[in-house]
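Colleague: Starting off with a structure, shown below.
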Amino acid sequence: MVQSKLYSRVLGTGGYLPSNRVTNQALADRLATRGVETSDEWIVARTGIHARHFAAPDESTSDLALAASQRAIEAAGIDPQSIDLIIVATSTPDFVFPSTACLLQSKLQIKNAGAAFDVQAVCSGFVYALSMADALIRSGQHRTALVVGAETFSRILDFDDRTTCVLFGDGAGAIVLSASEEPGVLASALHADGNHAGILCVPGHVNGGVIAGNAFLHMDGQAVFKLAVHVLEKVAVEALEKAHLTSGQVDWLIPHQANIRIMTSTCRKLGLPQERMVVTVGEHGNTSAASIPLALDIAVRDGRIKRGQNVLLEGVGGGFTWGASVIRF
Ligand code: ACO
């Protein structure tokens, strides 16, 4: 008997943004009270960001993950008890441990979740998590995965540093990925180079019960910009080759939503019309690991992304890490 090939396929998507929407002007007004100067004009021109959402003081990353997951589970139409793998990509976990994935399992009241763990690859986190869930499903070890990107970056922003605090926001995106005989995730490519650790980092760490060093996000924006543009094109081409697709066969490009200038440059280099790129950075800012699944969910729910279409996801972030996945939705 010929055994049919096993794939993992997206059954449903979900997203969640905290209710507190902060426009550039509102942020600029807040920063002005600290003597920090910025403007809506500067932020829009350099990044394409108009607004971002910030979590409420009592909202944690696992709360955001829970709301996005509930929507993805509902869209997938599955019994949550059938989930046997939970992976949360985050760099802003609720605690050092337990993992946000375990907290999410408890909040969803999933009894036998199988494995639950966090992935820390900063803004590439969702692509890393997706690739891992796909491999675990194709190997037969797990059947139904909840894959989440969730962040509360507002907690690690230095609001005295205008070069970083205007860029990031909070949010969560989730997908349910399940074993299928029909193609879903076609290929992934992941990379890392720790030699670039210093250009984007949160160097503070817990030692002796207190935080030692600076626990705010630090970024050399121009160095990150150059590296991102370079690696994003390369990894997209690599993933497409692995999937045996040309860029002309990509229906939708969903890049990590960090800066519209990086995104349009990648889109142009791939020879794709800008209309085929999903853009949410203007309304979300950079939500790190949440940005790709949030953008995916928005384009699925507004009807742009349809079943059978090819979607290219790609991310780059601190570490340095970068990666791309090609999925047949
Ligand atoms: N408001 C007003 N002026 C500002 C602000 C601000 N918020 N921030 C910086 N400036 C000033 C600078 O002080 C500088 O002034 P100067 O010329 O008098 O010294 C001037 O603006 C230009 O600063 P640059 O740093 O050269 O501006 P640049 O065009 O490089 O834009 C930016 C900065 C937006 C950070 C850009 O470098 C960038 O997007 N980099 C990539 C960032 C990124 O994608 N990060 C995320 C990837 S990974 C992850 O998501 C975790």
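The values are calculated or read from the model by the stated rules, or taken from the named source; none is laboratory data. In this text the structure is predicted, and so the values were computed from the model without any measurement. In this analysis, Cβ positions are derived from the backbone assuming ideal geometry, glycine residues included, and neighbour counts consider all displayed protein chains. For the accessible areas, the whole protein counts, side chains as well, though only heavy atoms, and no ligand, DNA or RNA atoms are used. Shrake-Rupley method; radii C 1.70, N 1.55, O 1.52, S 1.80 Å.
Colleague: Can I78 be described as closer than 22 Å to A299 by Cβ, surrounded by 20 or more Cβ atoms within 10 Å (Cβ to Cβ) and either in contact (Cβ under 8 Å) with a residue 60 or more places away in the chain or assigned by TED's automatic domain parsing to the domain that holds G209 (or both)?
Modeller: So I78 does not fit the description; no.
Colleague: Separate question: Determine whether G303 is open to solvent by 40 Å² or more (accessible area, probe 1.4 Å), away from the ligand (no atom under 16 Å from the Cβ), more than 20 Å from D118 (Cα to Cα) and not β-branched (V, I, T).
Modeller: no
Colleague: Go through (1) surrounded by fewer than 19 Cβ atoms within 10 Å (Cβ to Cβ); (2) in contact with a strand residue (DSSP E or B) (Cβ under 6 Å, 6 or more places away or on another chain) one by one and return the number of the condition G15 breaks.
Modeller: (1)
Colleague: On to the next question. Here is a list of conditions, (1) more than 16 Å from the ligand (Cβ to nearest atom); (2) of a type in the set (A, V, I, L, M); (3) surrounded by 15 or more Cβ atoms within 10 Å (Cβ to Cβ); (4) not assigned by TED's automatic domain parsing to the domain that holds A101, and V231 meets all of them except one; can you say which number that is?
Modeller: With (1) more than 16 Å from the ligand (Cβ to nearest atom); (2) of a type in the set (A, V, I, L, M); (3) surrounded by 15 or more Cβ atoms within 10 Å (Cβ to Cβ); (4) not assigned by TED's automatic domain parsing to the domain that holds A101 applied to V231, the lone miss is (1).
Colleague: Looking at (1) open to solvent by 10 Å² or more (accessible area, probe 1.4 Å); (2) modelled with pLDDT of 95 or more; (3) in a loop (DSSP other than H, G, I, E, B), which is the one condition that is false for I49?
Modeller: Result: I49 passes all but (1).
Colleague: Follow-up. Please go through the range 7-34 and give me each residue that is outside any strand (DSSP E or B) and closer than 21 Å to L313 by Cβ, ordered by number.
Modeller: If the condition is that a residue be outside any strand (DSSP E or B) and closer than 21 Å to L313 by Cβ, then L17 is the only one that fits.
Colleague: Here's another thing I want to ask about it. Quick one: in the range 52-69, which of the residues that are part of a loop (DSSP other than H, G, I, E, B) and in contact (Cβ under 8 Å) with a residue 12 or more places away in the chain is farthest from the ligand (Cβ to nearest atom)?
Modeller: Going through the qualifying residues, I end up with A56.
Colleague: Looking only at the range 205-217, which residues are open to solvent by 60 Å² or more (accessible area, probe 1.4 Å), closer than 21 Å to F159 by Cα and in contact (Cβ under 8 Å) with a residue 60 or more places away in the chain?
Modeller: If the condition is that a residue be open to solvent by 60 Å² or more (accessible area, probe 1.4 Å), closer than 21 Å to F159 by Cα and in contact (Cβ under 8 Å) with a residue 60 or more places away in the chain, then F216 is the only one that fits.
Colleague: Answer with yes or no whether V202 is touching a residue at least 40 places away in the same chain (Cβ under 8 Å), closer than 24 Å to A290 by Cβ and either within 11 Å of the ligand (Cβ to nearest atom) or surrounded by fewer than 17 Cβ atoms within 10 Å (Cβ to Cβ) (or both).
Modeller: When the stated conditions are applied, V202 passes them.
Colleague: R301 - would you say it is of a type outside the set (A, V, I, L, M, F, W, C) and either in contact with a Cys (Cβ under 6 Å, 6 or more places away or on another chain) or over 30 Å from P93 (Cβ atoms) (or both)?
Modeller: Answer is no for this residue.
Colleague: How many residues, within the range 52-66, are open to solvent by less than 20 Å² (accessible area, probe 1.4 Å) and under 17 Å from L103 (Cα atoms)?
Modeller: Count: 4.
Colleague: How about the range 93-112: which of its residues are surrounded by fewer than 23 Cβ atoms within 10 Å (Cβ to Cβ) and among the small types (G, A, S)?
Modeller: S99, S106
Colleague: Which ones in the range 6-51 are more than 15 Å from the ligand (Cβ to nearest atom) and of a type in the set (F, W, Y)?
Modeller: Y7, Y16
Colleague: Do you know which of the residues in the range 170-196 that are touching a Pro at 6+ places or on another chain (Cβ under 9 Å) and not charged (D, E, K, R) is farthest from F225 (Cα to Cα)?
Modeller: I175
Colleague: Okay, next question. Here are the criteria: (1) away from the ligand (no atom under 16 Å from the Cβ); (2) part of a helix (DSSP H, G or I); (3) within 20 Å of the chain's Cα centre (by Cα). Tell me which single one S124 does not satisfy.
Modeller: All conditions pass for S124, except number (1).
Colleague: Give me a count of the residues in the range 94-121 that are assigned to a loop (DSSP other than H, G, I, E, B), away from the ligand (no atom under 16 Å from the Cβ) and in contact with a helix residue (DSSP H, G or I) (Cβ under 7 Å, 6 or more places away or on another chain).
Modeller: Summing the residues that are assigned to a loop (DSSP other than H, G, I, E, B), away from the ligand (no atom under 16 Å from the Cβ) and in contact with a helix residue (DSSP H, G or I) (Cβ under 7 Å, 6 or more places away or on another chain) in the range 94-121 gives 4.
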